[in-house]
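Novice: Just dropping this structure here.
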Amino acid sequence: MTHLTVDGVTKIFGDPDKDGVVAVDDLDIDVEDGEFLVLLGPSGCGKTTTLRMIGGLETPTSGEIRFDDVVVNDIKARNRDVAMVFQDFALYPHMTVRENLGFGLKREDNGMSTADVNERVEEVATMLEIEQLLNNKPAQLSGGQKQRVALGRAIIREPRLFLFDEPLANLDAKLRKTMRTEIDELQSEVGITSAYVTHNQEEAMTIADKIAVLNDGALQQLGRPEEVFNEPANLFVAQFVGSPDMNIYDGVVEEAADGVRVELDGVSFELPSDALDSEVPPGGVNVGFRPQDFYQTGKRRADGLTFDVDIRVIEPVGTKAIVHGDGPMGDVTAEIGEFHGLSAGDTLSLSIAPEHVYLFDAETEALRKGRRIENRASVQSQSQSSESDGVEI
Amino acid sequence: MAAQDPDPTAEFRRNESWLFDTTAGAYVRKTAVALLTLVVFAFVLFPLYWMVVTAFKTTAEIQQIPPTVFPNDFSLEGFRLVVESSIQAGGYTSLFANLFGWQASSAIDIDILSLVLNSLKVAIGAGAIALVFGTAASYVLSRRDFAGKNALMSIFLASLMFPGTAIMVPEWELVSALGLFNTHLVLIFIYGAMTAPFVVWLMKGFFDDFPDSIIEASRIDQCSSIETFWYVIVPMARNSLIASFIFAFLLAWNELVFALTLLDNSRYTVPPGLLTFVQGFNTQWNVVAAASIIISLPVLLGLAYIQRYFVQGLTGGAIKG
């Protein structure tokens, strides 16, 4: 149980004065006891470097890493009492599962006898349902089983911190979802502070208590998953989180009688002042629509922006479909429920509610207006309730 | 049209050939491959076969023209002479005379046992030197970047291509300056130096493939660098280390020229020792062959036991997680 603080940490690979590469730039992150932090970002954004600095595998160029307010910068990895799950699992190939699990415990100065270690190994193996595999070598295990052994090796020591470095990246899609849930359950069960690196926003959203979105080594936003989704700090976060990608258009904000008027190519709409949390000054903006927030005109409510889209492609995903088409303001990607009568070439009328529109400053790309969090309950049910929507009409 | 073309699969059969697409053709191919294999097999193994049959022939039969492919007169004379010569040269004559009332007396005066012991000493020493230095060097060459690294690797490779005899003269001067003539130590040094570059290349391949994350995992598992080395790297490197050792061992075991020139016959290793059995027109070839067999057997058995590690080590199949 540890309160982890990353305070102004910078990591530069190579010579800082000449052509060093800045991997992490003045990062501040605070993780409470038992919290699950996810470091999210594209490849090369510094998230793994951050994790490795927390684990002691890299030394920060400047700044402090603190465990429970104790600076651990110069404590070696082996003395930090952290456990790490690696992307390639990094199991010791010459040891059996039992030896792999017990290895850390045996190295530790904990006065445990071989029998104690064995007992603990079996306890953990039972918890992870790998007790039949204890005498196998890693080469005989499937990907999911290796993953479980790697997890077991981490939890067996009851460390201060769990560190996960893209632990699910090498698994197939189905297994990834199962293991994701298991990691989440396991972490809540043992209540150990965790840091988890991933480039998969869906994984981050589902598993995290707190998400740190990184880009080019700099922290973009630190917040709860719904904050990151609904009130992304800037355009980068908005585009990175959420799938399919957010639709972004150049627009101009003008004053209106009540609230503001947003002009896009070919369409314009009004945002009443009660849909705005703060004042939006006139000027250039980036307007964002989440594909999930579109609805077929008239199906949900009457207000909001409405426009026609010429469908290019329909990608059915079970009960919903992703529609790509040409709208008046450019390419439109929308997720809709009732797609069975539609085919490429058809025209589809889409609407979006004012409170679901995102606005970003055109210059700074900072958020001007986010998606309303108060409406979360209704927002969440939208995708599932599309059938009942149809009934209401 | 359909009637004229009764085989609907004809379209698919245009590229068929008798040799590759019929059962008879398959038999012909397999037979040809088998015959070729047999020829290669015979070519490789005939000298060994000839050694074995020669060992069991009598001197008269060996000198017979045309030679016999299989000994008419199965004789253990060659082996008897080798054993007797070893007993006599080793100074056990009186022991055997007292114990069994049997007087060994041999015209040849060579102790096979001491040849083998000398060779073992030199080969194990050379293997150890090559392994320790080669592995340490390869670890650094694989894990660290420094100026001149590629040049160094090229020099190591080039040194493998030189025939050992090319450096005889400077080697002689060095040995004489160090006063190491007629010692086994000098052979250990020379053989170790000759094989270390190979070990560097082999082990560098191993370390290049060694995943960093395993070392990091061991650090997270609270290992000091010594513990990481001993509990993680060494066990994983086992096959490559064995392969390296065998390579160095075999070179030292088989090397003739340096052993012949740097030692006198009281300290001979196996290759020059065997050579002393060859005595011009008086050579008893059955004795030479018998001595060769006796000397090869222990190495052969040892290699048979560890050959699977050897193959795995050479092919780099060591790391699979």
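Novice: Mind listing whichever residues of region A:152-170 are buried (at least 19 other Cβ atoms within 10 Å of the Cβ) and out of contact with any strand residue (DSSP E or B) (no Cβ under 6 Å at 6 or more places or on another chain)?
Specialist: First, the residues of region A:152-170 that are buried (at least 19 other Cβ atoms within 10 Å of the Cβ): A:152-157, A:159, A:161-168.
Of everything in region A:152-170, those that are buried (at least 19 other Cβ atoms within 10 Å of the Cβ) and out of contact with any strand residue (DSSP E or B) (no Cβ under 6 Å at 6 or more places or on another chain) turn out to be A:G152, A:R153, A:I155, A:I156, A:L168.
Novice: Just to be sure I understand, how many residues within region A:156-181 are of a type in the set (D, E) and within 17 Å of the chain's Cα centre (by Cα)?
Specialist: Final tally of qualifying residues: 2.
Novice: For B:V234, indicate whether it is surrounded by 15 or more Cβ atoms within 10 Å (Cβ to Cβ) and out of contact with any His (no Cβ under 6 Å at 6 or more places or on another chain). Let's see the steps before the verdict.
Specialist: Working: surrounded by 15 or more Cβ atoms within 10 Å (Cβ to Cβ): no; out of contact with any His (no Cβ under 6 Å at 6 or more places or on another chain): yes.
Here the answer is no, as B:V234 does not meet what is asked.
Novice: Would you tally the residues in region B:37-69 being hydrophobic (A, V, I, L, M, F, W, C), surrounded by fewer than 18 Cβ atoms within 10 Å (Cβ to Cβ) and at pLDDT below 85?
Specialist: The number of residues fulfilling the criteria is 3.
Novice: For region B:280-296, name all the residues that are in contact with a helix residue (DSSP H, G or I) (Cβ under 8 Å, 6 or more places away or on another chain), farther than 15 Å from B:L76 by Cβ and modelled with pLDDT under 85.
Specialist: Scanning region B:280-296 gives a single hit, B:T283.
Novice: Could you tell me whether A:D116 is open to solvent by 80 Å² or more (accessible area, probe 1.4 Å) and either within 21 Å of B:E227 (Cβ to Cβ) or facing chain B (nearest Cβ under 9 Å) (or both)?
Specialist: Criteria not met by A:D116.
Novice: From the set of residues in region A:55-100 that are in a helix (DSSP H, G or I) and at the interface with chain B (Cβ under 8 Å from one of its Cβ atoms), which is nearest to the chain's Cα centre (by Cα)?
Specialist: Of everything passing the filter in region A:55-100, A:G55 is nearest to the chain's Cα centre (by Cα).
Novice: Does A:R376 fit the bill of being open to solvent by 70 Å² or more (accessible area, probe 1.4 Å), modelled with pLDDT under 90 and under 24 Å from the mean Cα position of the chain (by Cα)?
Specialist: Numbers: open to solvent by 70 Å² or more (accessible area, probe 1.4 Å): yes; modelled with pLDDT under 90: yes; under 24 Å from the mean Cα position of the chain (by Cα): yes.
Yes: the conditions hold for A:R376.
Novice: Okay, next question. Counting only residues that are away from every other protein chain (no Cβ under 14 Å) and not aromatic (F, W, Y), give me the helices (runs of 4 or more DSSP H) lying completely in region B:210-272 with at least 1 of them.
Specialist: Qualifying helices (runs of 4 or more DSSP H): B:234-254, B:257-262.
Novice: Sticking with this structure for a sec: Go through A:A195, A:A233, A:A208 for me and flag whichever is touching a Phe, Trp or Tyr at 6+ places or on another chain (Cβ under 6 Å) and crowded, with 16+ Cβ neighbours inside 10 Å. Steps first, answer last, please.
Specialist: Values: A:A195 fails: touching a Phe, Trp or Tyr at 6+ places or on another chain (Cβ under 6 Å); A:A233 fails: touching a Phe, Trp or Tyr at 6+ places or on another chain (Cβ under 6 Å).
Answer to the selection: A:A208.
Novice: Across region B:186-209, which residue is nearest to the other protein chains (Cβ to nearest Cβ) among those that are of a type outside the set (A, V, I, L, M), within 18 Å of B:M236 (Cα to Cα) and open to solvent by less than 30 Å² (accessible area, probe 1.4 Å)?
Specialist: If we take residues in region B:186-209 being of a type outside the set (A, V, I, L, M), within 18 Å of B:M236 (Cα to Cα) and open to solvent by less than 30 Å² (accessible area, probe 1.4 Å), then B:F206 is nearest to the other protein chains (Cβ to nearest Cβ).
Novice: On to the next question. Would you check if A:T50 is in contact (Cβ under 8 Å) with a residue 40 or more places away in the chain, assigned to a strand (DSSP E or B), in the same structural domain as A:R224 (by TED's automatic domain parsing) and touching a strand residue (DSSP E or B) at 6+ places or on another chain (Cβ under 9 Å)?
Specialist: no
Novice: Within the bounds of region B:237-255, is there any residue that is over 17 Å from the mean Cα position of the chain (by Cα), of a type in the set (A, V, I, L, M, F, W, C) and either open to solvent by less than 40 Å² (accessible area, probe 1.4 Å) or under 19 Å from B:A128 (Cβ atoms) (or both)?
Specialist: Step one: of region B:237-255, the residues over 17 Å from the mean Cα position of the chain (by Cα) are B:237-238.
Adding the requirement that they be of a type in the set (A, V, I, L, M, F, W, C) leaves B:237.
Cutting the leftovers down to either open to solvent by less than 40 Å² (accessible area, probe 1.4 Å) or under 19 Å from B:A128 (Cβ atoms) (or both) gives us B:237.
For region B:237-255, residues over 17 Å from the mean Cα position of the chain (by Cα), of a type in the set (A, V, I, L, M, F, W, C) and either open to solvent by less than 40 Å² (accessible area, probe 1.4 Å) or under 19 Å from B:A128 (Cβ atoms) (or both): present.
Novice: Tell me which residues, restricted to region A:52-73, are farther than 8 Å from A:V9 by Cβ and open to solvent by 20 Å² or more (accessible area, probe 1.4 Å).
Specialist: Across region A:52-73, the qualifying residues are A:R52, A:E58, A:T59, A:T61, A:R66, A:D68, A:D69, A:V70, A:V71, A:N73.
Novice: Now for a separate question. When you check A:G143 against the structure, is it out of contact with any Leu (no Cβ under 7 Å at 6 or more places or on another chain) and either within 12 Å of chain B (Cβ to nearest Cβ) or surrounded by fewer than 18 Cβ atoms within 10 Å (Cβ to Cβ) (or both), yes or no? Please lay out each step first, then the result.
Specialist: Details: out of contact with any Leu (no Cβ under 7 Å at 6 or more places or on another chain): no; either within 12 Å of chain B (Cβ to nearest Cβ) or surrounded by fewer than 18 Cβ atoms within 10 Å (Cβ to Cβ) (or both): yes.
For A:G143, the condition - out of contact with any Leu (no Cβ under 7 Å at 6 or more places or on another chain) and either within 12 Å of chain B (Cβ to nearest Cβ) or surrounded by fewer than 18 Cβ atoms within 10 Å (Cβ to Cβ) (or both) - is not met.
Novice: Return yes or no: is A:A344 small (G, A, S) and open to solvent by less than 50 Å² (accessible area, probe 1.4 Å)?
Specialist: Here the answer is no, as A:A344 does not meet what is asked.
Novice: Quick one: A:E158 ticks every box in (1) more than 10 Å from chain B (Cβ to nearest Cβ); (2) in contact with a helix residue (DSSP H, G or I) (Cβ under 8 Å, 6 or more places away or on another chain); (3) in a helix (DSSP H, G or I) except a single one, so which number is it?
Specialist: Of everything listed in (1) more than 10 Å from chain B (Cβ to nearest Cβ); (2) in contact with a helix residue (DSSP H, G or I) (Cβ under 8 Å, 6 or more places away or on another chain); (3) in a helix (DSSP H, G or I), A:E158 misses just condition (3).
Novice: Right, here's the next one. Quick test of your reading of the structure: A:E270 fulfils all but one of (1) open to solvent by less than 50 Å² (accessible area, probe 1.4 Å); (2) farther than 24 Å from A:V241 by Cα; (3) touching a residue at least 24 places away in the same chain (Cβ under 8 Å). Name the failing condition by number.
Specialist: Evaluating A:E270 over (1) open to solvent by less than 50 Å² (accessible area, probe 1.4 Å); (2) farther than 24 Å from A:V241 by Cα; (3) touching a residue at least 24 places away in the same chain (Cβ under 8 Å) leaves (1) as the failure.
The values are calculated or read from the model by the stated rules, or taken from the named source; none is laboratory data. Quick caveat: nothing in here was measured; it's all calculated off a predicted structure. Here the Cβ is made from the backbone with ideal geometry for all residues, glycine too, and neighbour counts use every protein chain on show. Each accessible area value is taken on the protein alone, full model and side chains, heavy atoms only, with ligands, DNA and RNA left out. Shrake-Rupley method; radii C 1.70, N 1.55, O 1.52, S 1.80 Å.
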